[in-house]
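Taken together, the values in this text are just the output of simple stated rules run on the coordinates, not laboratory data. Keep in mind it's a predicted model, so treat the numbers as computed, not measured. Here the Cβ positions follow ideal geometry from the backbone for every residue, glycine too, while neighbour counts run over all protein chains shown.
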Amino acid sequence: RGDVLLAGLLALASGARAAWLGRLDPRQFLGSWYILAVASGEKDFAVESALRNIEGVLVTLTPESNLRVLSSRHRLDSCHLHTVELLKQNSGWVFGNPSLGVLEYRVLGTDFRDYAVVFTQLEFEDEAFNTVELYSRSELASQEAMRRFSKWSKSLGFLSQQ
């Protein structure tokens, strides 16, 4: 099953320096991030990725302990803002909102102050796919952050062109 495979890969790929949100105060993950790298199984992702800009993300916690993710992506002539509220799931620090196409959102590894590697399982227009994103507190990723992102991406089966 995919969940069992993912759990095994998560346990295998986690390093001693990466923190699991289930064991620590998740409020440390909140705040402003930049998305600097994305690996995706979305159809035609590689073709579109050359046109993508750095995206800003603000992660907050609602009074109901749900995640609110506000993202900002610059387009040629405007700035596109998008907000999604992700509902707390039963297992660990996992969120999702199937009615919005977000089946799963989880932080695979983070040091909270520099980087986070985020896994998302999405479904849009009858297409299901996974993404792994590198969140960074600054506009330039550290070597450690890029190494962790690459390790997770490869562990989850993404190819370099994805």
Handout entry: For region 67-162, with +1 on Lys and Arg beta carbons and -1 on Asp and Glu, the positive-most of 102, 112, 92 along the dipole
Key = 112
Fill in the blank from the handout: Taking every other residue with Cβ under 14 Å from the Cβ of residue 123 and scoring Lys and Arg +1, Asp and Glu -1, one gets -4
Fill in the blank from the handout: Label model pair residue 128, residue 99: point-to-point distance (7 angstrom along the Cα→beta-carbon line) in nm is 2.1 nm
Practice task
Would you calculate the separation in nanometres between label points at residue 81 and residue 68, each defined as 7 Å from the Cα along the Cα-to-beta-carbon direction?
Solution key: 1.1 nm
